[in-house]
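Comments concern the structure below.
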Amino acid sequence: MFIGEYQHNIDDKGRLTMPSKFREALGESFILTKGMDKCLFIFPRDEWSTFEEKLKTLPISSKDARAFTRFFFAGAAECELDKQGRIMVPSNLRNYAGVSKETYIIGVSSRLEIWSKENWEDYNEDDDLSYDAIAEKMSMLGI
């Protein structure tokens, strides 16, 4: 399980240091892809496989299902940690998430998210983000 919030910088070559707390759980290789809300998702291999299986069940005849699947797969990259615990974030993913220097890496249960500092701060300051209203909706889903 991934939890916590960490600040790290991406260097000029596009390398980002993963918090040491997350490195072992990521495994030897993992998947980095576009995420929702203008962030990036990192899935350990087993979690990616579970997610992939769910996407495979979507009907290919559905335009939205095809678009949703493309969103995650087209820009996905297989990553490994280097000896310093860094990953290379491809330029297309850095551009998508607006990540250029300062980042937040957050643990979200089965995955990690990489956010630009600006996007993460904007997300947390969003007046429309009512945790009480969200909690109410989650209770309808049995959570």
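Quick notes
- Heavy-atom accessible surface of MET140, to the nearest 10 Å², is about 150 Å², with a 1.4 Å probe and all protein chains retained.
- Hull volume per residue, based on the alpha-carbon atoms of the range 7-136 and their convex hull, is 129 Å³.
- Pairs beyond 32 Å (Cα-Cα), from LYS13/LYS54; LYS13/LYS38; LYS13/LYS63; LYS54/LYS137: LYS13/LYS54; LYS13/LYS63
- Only DSSP H runs of four or more residues enter the estimate; each adds -39500 (n - 2.57), and after division by the residues of the chain the mean residue ellipticity at 222 nm equals -11500 deg cm²/dmol.
- Taking GLU113, GLU52, GLU24 and ordering them by how much accessible surface each has at a 1.4 Å probe, largest first, produces GLU24, GLU52, GLU113.
- Label separation (LYS56 vs GLU80): 2.5 nm, computed from points 7 Å beyond Cα along the C-beta direction.
- Over the chain, accessible surface divided per residue gives 63 Å², non-protein components excluded, 1.4 Å probe.
- Kirkwood-based Rg to Rh ratio, the range 40-112, C-alpha trace: 1.00
- Sequence of LEU32, LEU58 from largest to smallest accessible area, 1.4 Å probe: LEU58, LEU32
- Legend: residues GLU53, GLU80, GLU47, sorted from most to least accessible area (1.4 Å probe; ligands, DNA and RNA excluded), read GLU80, GLU53, GLU47.
- For LYS34, a cut-off of 12 angstrom between C-alpha atoms picks up these aspartates and glutamates, skipping any fewer than 8 places away in its own chain: GLU113.
The values are calculated or read from the model by the stated rules, or taken from the named source; none is laboratory data. Quantities reported herein were computed from a predicted structural model and do not represent experimental measurements. Here the Cβ is made from the backbone with ideal geometry for all residues, glycine too, and neighbour counts use every protein chain on show. Just so you know, the surface numbers come from the protein's heavy atoms only, side chains and all, with ligands and any DNA or RNA stripped out. Shrake-Rupley method; radii C 1.70, N 1.55, O 1.52, S 1.80 Å.
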